[in-house]
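In what follows, a single structure is set out as structure tokens and then discussed.
The values are calculated or read from the model by the stated rules, or taken from the named source; none is laboratory data. This structure is a prediction, so every number in the text was calculated from the model and none was measured. Cβ sites come from the backbone with ideal geometry, for glycine too, and all protein chains shown count toward neighbours. All accessible areas refer to the heavy atoms of the entire protein, side chains included, with ligands and DNA or RNA removed. Shrake-Rupley method; radii C 1.70, N 1.55, O 1.52, S 1.80 Å.
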Amino acid sequence: MNKFWIVLFHTYLTKLRTKSFIISTIVMLLLTIGLTNLPRLLDLFDKKDSDVIGVIDLKGSLYEPFKAQVNAVNHDLKLKVIEDETKAKKLVADKKLTGFIILDQDASNMPQGFYKANSLSDSSISNDLSAALTGVKSNLAARELKLTPQQIANISSPAGFKKTALEKDAKTEEELNQARGLVYILLFVIYFSVLMYSNMIAMEVATEKTSRVMEILISSVSPVQQMFAKIIGIALLSITQMILFFGVGYFFIKQNLGDLNGGFFSFFGFGSTNISTVIYAVIFVLLGYFLYATLAAFLGSMVSRIEDVQQMTFPMTILVVIAFMIAMSGLNNPSASYVTVTSFIPFFSPMIMFLRVGMISVPFWQVAVSILILIVSIAVLAIFGGRVYRGGVLMYGSSKSLKDIKKAIQITKNT
């Protein structure tokens with residue numbers, strides 16, 4: 001057992017000190033800091049003079065109502081009366097105006113506008129101007145029909161519409177929206193964690209075989225002990241990285257909590273995170289990791305060149321991608337039958353069962369059954385993988401096909 005711990009900590013410490021791990025960790029930490037300080041960064045880059053829009057009122061009676069509507073739509077948008085189009089074009093060319101709008105009337109004596117600018121890439125300005133002009137048109141139409149302000153308000157106000165879930169523990173619409181955002185983020189965490197760390201194990205095994213270190217290791221440590229030592233060693237590495245990411249993220253969210261209310265962070269559920277969702281995320285990340293890591297370890301043991309790792313682990317990668325795509329499509333309808341069924345399939349359940357428990361009320365027995373199936377699958381895969389690994393580490397030469405699993409098992413029987 002002492003040799004098992006030696007291999008475990010050797011794997012952990014060796015990977016911890018690699019340049020690729022240090023650089024990727026620093027990059028991800030900077031990304032985390034940037035994301036949690038997003039409101040301040042946006043304010044920093046958005047510090048500019050207000051947009052000024054020139055207004056050419058051909059009828060002489062549309063500017064004032066138009067100005068009132070613009071102030072209601074976007075009070076940061078400034079208007080300036082311009083006498084003619086030639087002057088307006090010169091001011092735009094000199095960067096003194098963002099653009100200009102010509103106010104006129106159509107054949108029905110209703111207001112219409114012609115907006116001109118050097119670039120139409122900022123659609124928010126033209127959308128605001130269009131909304132303001134629509135407001136002017138609505139008011140003029142209401143005046144012609146001799147409608148009272150109350151009648152106008154009644155016509156323009158949306159119909160009352162409320163949604164109520166009949167299930168006892170069903171989430172409200174607001175809770176679903178917040179859960180959807182948080183689950184969306186955590187699904188990406190599960191996806192990249194499972195994919196990145198399991199591939200890291202396959203690369204580790206292939207590297208040792210390439211450098212012939214494996215021949216020394218198998219003479220002193222059993223292949224099965226090696227496999228599980230590497231799996232747990234990389235697991236500790238992933239936990240170290242996750243603690244850093246979430247620790248830094250939590251610190252900066254707490255520091256900027258006042259700036260993170262509403263908008264982006266409200267949508268993604270950071271204001272009212274359910275602790276059970278986070279706990280389930282941790283459980284399914286770990287179970288998903290051990291499932292795919294065991295698979296990756298014995299697949300990596302069958303290749304002799306690092307270049308062949310990607311080809312050998314490609315089927316495993318496809319399984320992760322399929323699970324992720326099902327989870328993404330299930331965000332809008334987590335109660336769909338295909339989501340329910342696939343949440344019990346071991347290679348899909350880390351993401352899809354997590355999606356269900358994060359989005360809707362799932363009976364505990366279903367979650368327990370899914371976790372139990374995952375644990376049993378990991379155990380079965382570990383037993384089978386141990387047999388393949390024991391023979392696979394002794395295989396050298398070209399090996400790029402899953403058909404070589406049978407050959408690896410045969411070598412195990414003969415040793």
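Per-structure values
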| read-out | value |
| --- | --- |
| Which listed residue, of Ala170, Ala159, is assigned to a loop (DSSP other than H, G, I, E, B), at pLDDT below 70 and farther than 30 Å from Ala281 by Cα | Ala159 |
| Members of segment 94-114 found to be in contact (Cβ under 8 Å) with a residue 40 or more places away in the chain and within 42 Å of the chain's Cα centre (by Cα), listed by number | Lys96, Leu97, Thr98, Gly99, Phe100, Ile101 |
| Residue count, segment 10-25 (criterion: open to solvent by 70 Å² or more (accessible area, probe 1.4 Å) and in contact with a helix residue (DSSP H, G or I) (Cβ under 9 Å, 6 or more places away or on another chain)) | 3 |
| Test for Leu62: is it surrounded by 13 or more Cβ atoms within 10 Å (Cβ to Cβ) and more than 42 Å from the chain's Cα centre (by Cα) | yes |
| Pairs with Cβ under 7 Å, 6+ apart, first in segment 304-315 and open to solvent by 10 Å² or more (accessible area, probe 1.4 Å), second hydroxyl-bearing (Ser, Thr, Tyr) | Ser304/Thr210; Ser304/Tyr396; Ser304/Ser399; Arg305/Thr210; Ile306/Thr207; Ile306/Thr210 |
| Residue ranges of helices (runs of 4 or more DSSP H) in segment 297-387 with at least 1 members modelled with pLDDT under 85 | 309-312, 314-330, 349-359 |
| Looking only at segment 333-347, and only at residues there that are polar (S, T, N, Q) and within 14 Å of Val357 (Cα to Cα), the one that is least open to solvent (accessible area, probe 1.4 Å) | Ser343 |
